[in-house]
Amino acid sequence: MRAQPQASHFVGGSYQESRAGTPFDSLYPATGEVIARINTADDAIIEAAVQAATAGQKIWAATPPAERGRVLRRAADILRRDNHALSVLETLDTGKPLQETLVADAASGADCLEYYGGLAATLTGEHIDLGGSFAYTKREPLGICFGIGAWNYPIQIACWKAAPALVCGNAMIFKPSEVTPLSALKLAEVLSEAGLPDGVFNVLQGFGDVGAKLVAHPAIAKVSLTGSVPTGAKVAALAGEHLKKTTLELGGKSPLIVFGDADVDNAVSAAINANFYSTGQICSNGTRVFVHTDIKEAFLARLAERTSKAVLGDPLDEATNIGPLVSRQQFDKVMHYMQLGQREGARLVCGGSAATVESFPDGYFVQPTVFADVGDDMRIAREEIFGPVLSVLDFTGEDEVVRRANDTEFGLAAGVFTRDIQRAHRVVDALQAGTCWINTYNLTPIEMPFGGYKKSGIGRENGHAAIDYYSQVKSVYVEMGGVEAAF
Ligand code: NAD
């Protein structure tokens, strides 16, 4: 199976190669086959991208916002037109089942481009009456924004960064994760076809060193990273040295709290979505499932029964629910935590080991795993695993569970299941998390701001909130009278 792009990078409106770059392979996680060979960006192509973005940004910033919006909305239509081919590509690059990529990847990217395309002509400043004289504000672009992607939702992440950046009149250089380099190139093609001027959206490939070079590059005004907390700290430190604006979307260890009055079937559905979708490789996953002792055994029985029905297998078969993990490295990490949970004394309810899938002996498949009787101090309850490993923790009191849910360095997301409307809002008010769900989990419509408290991030993506992070406000004072001076 091959998915070799025309060349490694997309710069100035066309595919470009960097022969001096270091080659690396993109693998299909279900088989370990090489599907593409890519070169990392060398210094020459980094400079070419910066120059193309500088020239493109000038043209784009002078384009009327309503026209910018039309380009983004055309790109949304093209993503939808090409959804099947893009979904297959995303499945090959990530291993996520086609059942998911058909509805959650390019499709959510299209929603994002459409949303920001619709906002384009509505982005206005304000008029401030000063009694005779007045002031006004206008929103201006930052310049060239640098987007850095993670590997779990490659095209969605590229769209979540590109669309708000572009609608504000910025150019973007985007570096996808080295694990999933392919679909961002397709997004660049789509934007070009939609009429985006050359150089406004560029894709450069590479590992962390390429990322760091661009973070430090004087032409870059802003950095937006989706990645792990340790990478976030490095990027923030380097960006801070150069006083660059940053948005950081980082990791989590989010709580999902199920009170005794909850609808057990709905809560089990949410726990499944919060832990096993995308083979558990989602930043906002609710991996600490606090279940009230009154319903704990019923909850666990239902969860185990439904988890046993999950179909693991060929990611390209639309009947498959769970594909492999993205890489050997991720497989080793998840296996380590599955063994650690057992050594730490958690009760293994189901799963707990690698999965054998017929016809895919070299795939990075693991069983969806549920641990019960998990203690707050166990490492499986404290560290981000980023795999299908669900921990159930018991609780009895509301104050107690809120305190324990908040007892983490992360603060990306949280969920509450209860039929008591006052309790739902009271608990959500007390939870330290950027995104909360009441009686559901892991829904991230583009209209809703998304981002983390505490070490889970800085800034917000999505919704109107993202505009603040991709634009700067200029205040203009207009004097209508004379000018007094002391002497
Ligand atoms: P990662 O931190 O290893 O890498 C993320 C990106 O940063 C990659 O493109 C990588 O090449 C780049 N990078 C690494 N070192 C760098 C450096 N020093 N300077 C600049 N760039 C550098 O993360 P990952 O393994 O690709 O993704 C998984 C992590 O991402 C998890 O922690 C997950 O929670 C998080 N994530 C967060 C969100 C969110 O929106 N909050 C979404 C998806 C994933």
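The values are calculated or read from the model by the stated rules, or taken from the named source; none is laboratory data. The model shown is predicted, which means the values in this text are computed figures rather than measured ones. With ideal geometry, Cβ positions are generated from the backbone for all residues, glycine too; neighbour counts draw on all protein chains shown.
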Inset, instruction - Using the structure shown, decide if Asp265 is away from the ligand (no atom under 16 Å from the Cβ) and in a loop (DSSP other than H, G, I, E, B). - result: no
Legend entry - Hits in region 202-241 (condition: surrounded by 18 or more Cβ atoms within 10 Å (Cβ to Cβ), under 29 Å from Lys253 (Cβ atoms) and polar (S, T, N, Q)): Ser224, Thr226, Thr231
Legend entry - Scan of region 278-322 for residues that are part of a helix (DSSP H, G or I), surrounded by 23 or more Cβ atoms within 10 Å (Cβ to Cβ) and out of contact with any helix residue (DSSP H, G or I) (no Cβ under 8 Å at 6 or more places or on another chain), ordered by number: Thr279
Inset, instruction - Report the residue count in region 443-468 for those that are farther than 15 Å from Cys145 by Cβ, more than 12 Å from the ligand (Cβ to nearest atom) and of a type in the set (A, V, I, L, M, F, W, C). - result: 4
Legend entry - Checking Pro255 against (1) away from the ligand (no atom under 12 Å from the Cβ); (2) under 19 Å from Asp43 (Cα atoms); (3) surrounded by 24 or more Cβ atoms within 10 Å (Cβ to Cβ), the condition it does not meet: (2)
Inset, instruction - Could you grab the pairs with beta carbons closer than 6 Å, sequence gap of 6+ or different chains, first residue in region 274-300 and more than 16 Å from Tyr441 (Cβ to Cβ), second one buried (at least 24 other Cβ atoms within 10 Å of the Cβ) and modelled with pLDDT of 95 or more? - result: Thr279/Ile322; Thr279/Gly323; Thr279/Leu325; Thr279/Pro388
Legend entry - Which listed residue, of Ile438, Ile458, is touching a Ser or Thr at 6+ places or on another chain (Cβ under 9 Å), hydrophobic (A, V, I, L, M, F, W, C) and crowded, with 17+ Cβ neighbours inside 10 Å: Ile458
Inset, instruction - May I ask you to list the residues in region 408-466 that are over 18 Å from Ala270 (Cα atoms) and basic (Lys, Arg)? - result: Arg423, Arg426, Lys454, Lys455, Arg460
Inset, instruction - Could you check Glu384 against (1) crowded, with 24+ Cβ neighbours inside 10 Å; (2) under 18 Å from Ala274 (Cβ atoms) and say which number it fails? - result: (1)
Inset, instruction - Could you please tell me which pairs satisfy a Cβ distance under 8 Å, a separation of 6+ or placement on different chains, a first residue in region 144-171 that is closer than 11 Å to Arg68 by Cα, and a second residue that is assigned to a loop (DSSP other than H, G, I, E, B) and β-branched (Val, Ile, Thr)? - result: Leu166/Val200; Gly169/Thr63
Inset, instruction - Answer yes or no: is there a residue in region 359-366 that is of a type in the set (Val, Ile, Thr) and either surrounded by 22 or more Cβ atoms within 10 Å (Cβ to Cβ) or assigned to a loop (DSSP other than H, G, I, E, B) (or both). - result: yes
